[in-house]
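The values are calculated or read from the model by the stated rules, or taken from the named source; none is laboratory data. Owing to the predicted nature of the structure, the values given are computational and were not obtained by experimental measurement. Here the Cβ is made from the backbone with ideal geometry for all residues, glycine too, and neighbour counts use every protein chain on show.
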Amino acid sequence: MDILTNCLGAQEKQMKSMLQGKRPVICPKCKSEKTAPILYGLPADEMLEASKRGEIIFGGCAVTDDMPQPDYGCTECGFRWSDELLPATHITKVRYKVVENGPCPLEFMRTWVYEIKQDGSCTKYQYQGRGGRYQSREIKKVSGWRVYRLARSLQKIIGAPLWESNIIDGRVCDGFRYNLQISYTDNRKLILEGDVSGGTFDSILDRFVRNVFD
């Protein structure tokens with residue numbers, strides 16, 4: 001009974017985290033908005049009712065721990081996916097934000113935001129202090145193939161088994177920290193954060209933006 005209770009509690013937590021988000025999740029294959037999160041494990045009675053309404057999809061009880069699992073499905077065409085397992089062509093935008101940690105007063109701290117879109121348009125914004133208005137903006141255009149290679153390198157990492165335990169993620173007290181947002185065709189985003197310290201993701205993005213803007 002305790003095992004069943006724990007399983008159901010984990011399911012409710014999983015469904016809650018999946019359903020969060022402002023934009024509707026659309027199917028990457030047929031573009032339908034009739035999609036639902038996939039729930040794994042033994043379903044509770046309320047989950048069965050939600051499944052009948054098309055609000056969730058049951059994924060069964062067999063889960064491979066070391067591989068990303070499909071976490072969304074389309075009730076129109078039956079396609080199931082997770083953003084980690086999609087081809088790199090499904091990445092629509094990469095947003096890389098670098099923030100200065102100090103040591104310096106907040107009003108002098110600098111922030112750089114790089115937006116890299118699928119069509120090759122790249123924009124760099126620079127901010128200072130806590131104001132929301134950028135001080136400068138620079139726009140560059142690169143080939144779509146160049147952006148695809150960036151997307152492919154990112155997707156190759158996050159689609160690998162146990163990728164979170166295999167990446168390099170350094171930690172520094174001062175210096176810079178980053179926020180990386182990867183947007184997909186299903187309207188979802190993968191958000192990664194860390195310190196700029198020669199880690200896996202910051203090294204890839206630093207190299208790309210330097211080649212484009214420097």
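State the number of residues belonging to the range 67-93 that are in a strand (DSSP E or B) and under 15 Å from ILE157 (Cα atoms).
Qualifying residue count for the region: 1.
Please indicate, with yes or no, whether at least one residue in the range 148-162 is more than 18 Å from LEU180 (Cα to Cα) and touching a Cys at 6+ places or on another chain (Cβ under 8 Å).
Checking the range 148-162: not a single residue is more than 18 Å from LEU180 (Cα to Cα) and touching a Cys at 6+ places or on another chain (Cβ under 8 Å).
Return a yes/no flag: does the range 53-66 have any residue that is under 20 Å from the mean Cα position of the chain (by Cα), among the hydrophobic types (A, V, I, L, M, F, W, C), modelled with pLDDT under 90 and not in a helix (DSSP H, G or I).
No, the conditions are met nowhere in the range 53-66.
State all residues of the range 102-124 that are over 23 Å from the mean Cα position of the chain (by Cα) and either surrounded by 15 or more Cβ atoms within 10 Å (Cβ to Cβ) or of a type outside the set (D, E, K, R) (or both); if no residue qualifies, say none.
Across the range 102-124, the qualifying residues are GLY102, PRO103, CYS104, PRO105, LEU106, PHE108, MET109.
Kindly check whether there is at least one residue in the range 159-167 that is surrounded by 14 or more Cβ atoms within 10 Å (Cβ to Cβ), free of Cβ contacts under 8 Å to residues at least 40 places away in the same chain, more than 25 Å from ILE26 (Cβ to Cβ) and not aromatic (Phe, Trp, Tyr).
There is at least one residue in the range 159-167 that is surrounded by 14 or more Cβ atoms within 10 Å (Cβ to Cβ), free of Cβ contacts under 8 Å to residues at least 40 places away in the same chain, more than 25 Å from ILE26 (Cβ to Cβ) and not aromatic (Phe, Trp, Tyr).
Taking LEU150 as the residue in question, decide whether it is surrounded by 12 or more Cβ atoms within 10 Å (Cβ to Cβ) and either basic (Lys, Arg) or within 14 Å of VAL212 (Cα to Cα) (or both).
yes
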